[in-house]
C-alpha cells in the first residue's frame, strides 16, 4: 500500500556501525531512504528536527537506551511507528514498549523477510493514520460514502472516514467485529469505492465449507481431481481476478488451508486442485473475522505469517450497543424494506416500541435488529409497529420502561434528552402538545427535536 508520492525515510538507531550500514544498504535496495543514529539521544534529536515514516531502534545502547528513547519519541510524535530490535534476553523490554505504543518488535539476529514485512506494515499504518488525522481535521468531510452503511454516530463516522481513505489503496484489510455487525457491508463499501470497482466482488464464507470443499472453492479444480469432478472449475481467486475477494470468517480456516492462502497473498499465484499449471492472479484481499486473531496466533491456531499478511490495515466495526443513536435510522430503514417486501402499510413506530428497541442489548447486533423488525412488520396489527409484535426478549427486558429508570445511565446528554422525549411521548399517548407542555418547551421546539433525533417515525 506504500504510496510513491514521496520516498520513504526510515530512521535506524543502533550503536553498532556495521549493523547500521547493513540495514542502510538493504533499505536502499528496497527503495527506501535511511537516516542513521548511533544512540538514543541522537535519535530523539533527529525526530525533533525531521520527519520520518518509521523508526527501527535497538534496545541496548550506551548513551540513552532504546526504551528511554522510545518514550521520548512517542511523546513527541505518537503516530510515528517505532519497531524495536532486541535480543531474546530483552524481549520483555520490547513487549513493555509495545504496551506503551511501540508498533512491533523483532529479535536479533534479524529475519530479513520478517523485517521487511514488519516495516511495510508500519509504513502502511503510518500513512493511514496520517490520512485519518487529515480527514478528521477537514470540516467538510464526513459525508457518508453511500446509503449502504447506515449510521451517523461517532463510531460509525470514524469507520466511514477510514473506509473513504483505505478504499482507494491496494492494502489488504482485516475487518473485525462481532457477528451481525455488518462486516460484509464494509467489505462491499471498500470495493465499491476502490479503483477495482469495475471488477468482480467475490465473497466466500470460509466457515461454511469443509476444508476440501473450501480448497476447491478457492483455487478451483481440474477434471478428475476427485470423485464428482467431471469438469474443470475455476476457483474464487480466478473469478475475482482484477477485482476483490472477500474472505469472511477467515479465523475458522485450518492451518493447512492458511498455508495455501499465504502463498497466493505472497506470490499472487496458485494451482488448481489436481493441476500443475501455475496461474497468476491480480486480486485484492479483504478478510473478516469475529475472532481475536492475535490471540489465535498466540494459541497456535492461526499462522503468524498469514496474520501479518492480512493485518496490513484493520477496520473494527462497532457493536450495535456502542452506537445506540443509530438505532432509529436503522429501524426506519428496515421498516421501509420489510413493509415493501410484505406489502404492508406502516405509518408509525410507537414511542414505547422505539424505546424498547433503543434500550435492548442486541447480542446479535444489526442482524438481530433486522430480524426483529421483519418479524414485527409481519405480525403487526393495524398501521402501527408496536412493542406487542416484537420478540419476547425485547418486550421483557429488565428495567425497560420502568418510569424514570428507562433513561438511566444514558451515553450522553443528547441521548438523555432523546430518551426523555420518547418516554414523555409514551406517557402522553403520542400527544405532542401535551408532551411539549410537560417538557417545558413549545410544540414547534419539540417538532424540531423529533426531526433532529429522527424520532418522527413517519414512513
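Summary of computed values
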item: Global geometry of the stretch 244-358, whether rounded, prolate or oblate, following the gyration tensor of its Cα atoms and the 1.5 cut on a/c; result: prolate
item: Whether the stretch 152-318 is rounded, prolate or oblate, judged on the alpha carbon gyration tensor where a/c under 1.5 counts as rounded; result: prolate
item: Relative contact order of the chain, pairs being alpha-carbon contacts under 8 Å that are 6 or more residues apart, as %; result: 11 percent
item: Listed peptides 54-60, 321-327 by packing density, highest first (mean Cβ within 10 Å); result: 54-60, 321-327
item: Acute angle (nearest 10 degrees) that the helix 327-341 long axis makes with the longest principal axis of the chain, alpha-carbon atoms; result: 70 degrees
item: The chain - mean residue ellipticity at 222 nm from DSSP helices (-39,500 (n - 2.57) per run, n ≥ 4, rounded to 500); result: -13500 deg cm²/dmol
item: Angle in degrees between helix 365-379 and the longest Cα principal axis of the chain, rounded to the nearest 10; result: 20 degrees
item: Förster-model FRET efficiency, 22 Å R0, residue 268 and residue 211, C-beta, rounded to 0.05; result: 0.45
item: On Cα atoms only, tilt of 255-267 relative to the major axis of the chain in degrees; result: 70 degrees
item: Global geometry of the chain, whether rounded, prolate or oblate, following the gyration tensor of its Cα atoms and the 1.5 cut on a/c; result: oblate
item: Extension gain (nm, one decimal) between residue 22 and residue 321, 0.36 nm per residue minus Cα-Cα; result: 102.5 nm
item: Packing rank of 236-247, 23-34, where each peptide gets the mean count of other beta carbons within 10 Å, highest leading; result: 236-247, 23-34
item: Residue 437 versus residue 49: modelled label distance in nm, points set 7 Å from Cα along the beta carbon direction; result: 7.6 nm
item: By average C-beta atoms within 10 angstrom, highest first, the peptides 427-440, 307-320; result: 307-320, 427-440
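All of the numbers you see were taken from the coordinates with simple rules; none came from a lab. Keep in mind that this is a model prediction, so the values were computed, not measured. No Cβ is skipped: glycine too gets one built from the backbone with ideal geometry, and neighbour counts run over all protein chains shown.
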